[in-house]
Amino acid sequence: DRLVGLAERCASLPCGVPLCEDCASGVVRDLNARLRDAREERDRLQAAFAELEAGDGGPSHGALSDAEFAAEEAARELEVSELRAALASARRERSALADEAVRLRAQRAEQEAEEEAWHAVINGNTLRAQAEQEEATRERQLVQFCRRELARLGRVDVVSDVFRISSTGSFGTLNSLRLGRLPGVSVDWAEINAALGQVALLLVAVARESGARFSS
C-alpha cells in the first residue's frame, strides 16, 4: 500500500525518476495482485447475487439489499478503475525509468571515453616531462664532466710531458737523446742532430706559450 501510494503521489510530481526499476516492478506486481483479488471478489459477489435472484426473491437475514449491493459493486468498480489507472501509471513510470537508464548508460560511456582520452593526454605529457628531465640530467652530467676534464687538462704540463729533460751519465738528454760529445765517448751525429731538433722544437713551443718572438 505504501508503494502504491508513493507511485500515485509521484505521478503528479515533475521528478524524472520517482522510483527505481526494482521498486516499480514491485508496485506493478502488487497492483496486479490487488486487481486479481478485486476481480475474484466481484465474481463472488455476482455469484451470490445470482443465487439470491434465483431464490424466493425475499430478503433473507444478513443478505444485502439491491441498493447496498449496487453501491458495493460501484465501489468495487471504482477501486478496479483506480487500480488500473495506477497500473498504467506504474507502467509508464517503468518505461520512463528504462529510457532514463539507457540515457544514463550512454552518458556514462561517453564520460568513460572522455576520461580515457584525458588519461592518454596526461600520460603522454608525463612521459614527455620525464624524458625532458632525463635529458636535462644527462646534459648537466655532461657539462660537469667537461668542466672536470678542463680542470684536469689545465693542470697538465704539456711541455714536461712532451719534452722529457733528463741526463744519462755526463750527457744531458732530451727525450732520451744525448746532446753533444765528450772525449773518449762517441755519440752518433744522427742522435745529436735529433736531439738538437728536439731542442729547437722545445724553444718554439715555449716561445708560443709565453708569446715571445725571435728576431731573424
> For the peptides 193-203, 84-94, 121-131, what is the packing order when you average, over each peptide's residues, the other Cβ atoms within 10 Å and list the highest mean first?
Replying inline: 84-94, 193-203, 121-131
> So for the pair residue 123, residue 107, with labels modelled 7 Å out along Cα→Cβ, what separation do we get in nm?
Replying inline: 2.8
> Between residue 201 and residue 77, what length in nm is gained on full extension when 0.36 nm per residue of separation is reduced by their alpha carbon distance?
Replying inline: 31.6 nm
> So what's the net charge close to residue 177: Lys and Arg +1, Asp and Glu -1, counting the other residues with Cβ under 11 Å from its Cβ?
Replying inline: 0
> With a sphere of radius 14 Å drawn around the Cβ of residue 127, what net charge do the other residues whose Cβ falls strictly inside it have (Lys, Arg +1; Asp, Glu -1)?
Replying inline: -2
>> Going by Cα centres, region 152-204 and region 62-132 are how many Å apart?
In response: 105
> How far apart, in nm, are the 7 Å Cα→Cβ label points at residue 65 and residue 179?
Replying inline: 15.7
>> Under the rule a/c < 1.5 gives rounded, and otherwise a/b versus b/c splits prolate from oblate, where does region 132-194 land using the Cα gyration tensor?
In response: prolate
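Bear in mind that the values in this text are calculations on the coordinates, not laboratory data. Please read these numbers as outputs of a predicted model, since none were measured by experiment. Heads up, the Cβs are rebuilt from the backbone with ideal geometry, glycines too, and the neighbour counts pull from every protein chain shown.
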